[in-house]
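Readers should treat all values here as calculations from the given coordinates under stated rules, not as data from a laboratory. All values derive from a computational prediction rather than experimental measurement. For neighbour counting, all protein chains shown are included, and Cβ atoms are generated from backbone atoms with ideal geometry for every residue, glycine included.
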Amino acid sequence: MGCRPFACLIQAGQSSGMHTPRDRTMDAFRESILTHEGMGTGMTHRASGAHAEEAVRAARDEVRRIESLLSRFKPGSDVDRLNRSKGEWVDVCPDTLYVLEAARAFDELSGGLFRATVAPLSDWWGQRRLNHSPREQEIARLLPLVAAGAPEADREGGRARLKRQGQGVDLG
């Protein structure tokens, strides 16, 4: 899995073969649909044109690549390693740094309503929601981890870290 900047992989390219006007018209009506699971949900990609099948496969492959970096549930992903780092610096791909920096910006713009460091609370709630409703003291114990702020990002060093042990990033 290589690191590379996010790029639009779906391009309407031109093939090198000879086309009659009728062939080009038919190419414009070709449609390809690809459905798959990704990022914890069902996804459907649809494209039209001469390279529609290539485009939907490229979209699926890009979703898989992004998920392999940003999912906290994929062992070895950048976010998984960050969450297990206990506050130590972790080498991450430029795409992950970009998303972490965007998460920090959304945190600031929303006045803290969007917090990427919500994982401890998400984990607690997911484990207990079937058993009982949340207790204020249990939530109060976890809120300082969420409120400690977004992960630090070192773009030049290509690394990131959480500010406090026990923090965790959940981008979903």
Review point. At a Förster radius of 45 Å, what calculated FRET efficiency corresponds to the Cβ-Cβ distance of Glu108 and His36, to the nearest 0.05?
Key: 0.85
Check your understanding: Considering the Cα trace of segment 75-172, what is its radius of gyration and what is Dmax, both in angstroms?
Key -> 13.7, 46
**Study point:** Computed lengthening from Asp91 to Arg164, 0.36 nm per intervening residue step minus Cα-Cα distance
**Key:** 24.5 nm
**Study point:** segment 67-107, dipole about Cα centre (Lys/Arg Cβ +1, Asp/Glu Cβ -1), debye to the nearest 20
**Key:** 200 debye
**Study point:** Positive-end residue, segment 80-172 charge dipole about Cα centroid, Cβ charges, pick of Trp125, Leu97, Asn83
**Key:** Trp125
Exercise for review: Between the alpha-carbon centers of segment 29-82 and segment 140-167, tell me the distance in whole angstrom.
Suggested key: 28 Å
Revision key, fill the gap. For Lys74, the net charge from surrounding residues (Cβ-Cβ under 9 Å; K, R +1; D, E -1) works out to -1
Review point. Taking the Cα-to-Cβ direction at Arg46 and at Phe73 and moving 7 Å from each Cα, how far apart do the two end points lie in nm?
Key: 2.6 nm
Study note, to complete from the structure: Contact order relative to length for segment 82-172, counting C-alpha pairs under 8 Å separated by 6 or more residues, stands in percent at 47 percent
Check your understanding: Do any GluC sites (Glu not before Pro) in segment 87-172 lie in a loop, going by DSSP, with at most 16 other beta-carbon atoms within 10 Å of their beta carbon, and if so which?
Key -> Glu88, Glu156
